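Report on one structure; see the data block that follows.
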Amino acid sequence: MARLIRRTLRYVGLLLLTLVGLAAGLFAALPAIAGLFPVELDRVRLSDGRREVEMQGMMHIGSPRFYDAVAELVAARRREGWLVFYEGVRSDTADPQSAMAEIMARLGADIVPVEGEHPYLTLATFVGAELELQDNARLLGPPGPELRNVDVTMSALLAELPPAEPDGPAAPVSLAELRDAFADMPGWLQARLRAAARLGLGAAASGRFDAALPEAITARREALVADAVLAEPGRSVLILYGQVHLDPIRRRLEAADPAWRVTAESTVAPL
C-alpha cells in the first residue's frame, strides 16, 4: 500500500510539473500566439438592389493608421452623397467622466479613472504603444447634415442599465495605480501582458461576449441604427459602429426586407 501511495504521489507530482511547464510555455509564447490571431474589424457592404449600406467595425482605441483609413473612407462617402451614421454615447450629464465610470461599474468594471482622461485611453497602455482614443471629430471631418449620431445619451443608458452588483469588488480599481505598476514591469512581462490583452480584444471584437451584455448596450442601439437606415429609403449609408453590433444590424435590415444582401466583405487591422 505504501508503495502504491508513493507511486501515485510521484505520478501526481509529474503531472503537476508538466502542467506548470505547459502553462509557462504558453505564457512565454503569448506574443507569437497573438501574432497568429491578430485583432481584425469587419468592413461589410450590403445592397437591397436600390442603394447600398457599408458598415465599418470600430474600436474605441486603435492605431493612427487605422483611424486615418477610416477618415479617408468617410470623406469619400460624403463626396459621393452618402449619409454617415456613427456611434457615440452623447454626454448629457454634468460630469461625463463620472457617468462613464458609473456605466463601466454597472457593466462589472468598477474603476477609478485617471483625472481628466478617458478610461479607454488609459487602458490603451496595456494593449500597445502609440495607440489613441477614437476621435469622431477627426474621423468625420467638417460638420454637415449628412453626419448623424445614431446612439443613446449617457443619462438614458444609465436609466436602463441594471445597478452594480452589491457583492462586487471591495474597492474600485485605480487605473492610475495599474498604469504605474505596468510601467514598472520588465519589458518581457509587458510584452506578454500586451499580447494577452490583444487576444482578449480579438475575442471581444468577434462578438463572443456580446450575449453577456445588457440589451441597453446591444439590442436597443442596434435597433436605432437599423431604423435610421430604413427611414432613409433613397440614401446610401456608411455606418461606423462597434464591431459586435454589425451582424445584429445586418440581421435587422434583412428581417425588414429580404432583398438586402451582402455584396462585399473585408477586414481591417485596427492596431
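Laboratory data are not the source of any read-out in this text; all were calculated from the coordinates shown. All values derive from a computational prediction rather than experimental measurement. No Cβ is skipped: glycine too gets one built from the backbone with ideal geometry, and neighbour counts run over all protein chains shown.
Structure data summary
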| item | result |
| --- | --- |
| Residue order, fewest to most beta carbons within 10 Å, for 85, 126 | 126, 85 |
| Cβ crowding within 10 Å averaged over residues, with 172-178, 48-54 ranked highest first | 48-54, 172-178 |
| Sorted by Cβ neighbour density within 10 Å, fewest at the top, the residues 98, 47 | 98, 47 |
| Separation of the residue 235 and residue 109 label points, Cα + 7 Å toward Cβ, nm | 3.2 |
| Estimated distance in nm for a label pair at residue 179 and residue 68, the labels positioned 7 Å out from Cα along Cα-to-Cβ | 2.5 |
| Spin-label pair residue 264/residue 160, simplified geometry with 7 Å Cα→Cβ offset, distance in nm | 3.2 |
| Region 40-68-region 126-200 distance, computed between alpha-carbon centres (Å) | 20 |
| More than 23 angstrom apart: percent of Cα pairs within region 37-268 | 53 |
| Potential extension, residue 223-residue 189 segment - 0.36 nm per residue separation minus Cα distance | 8.0 nm |
| Whole-angstrom gap from region 241-271 to region 72-117, using each part's C-alpha centre | 21 |
| Assigned charges on the beta-carbon of Lys, Arg, Asp, Glu; region 37-268 dipole about Cα centre (debye) | 820 |
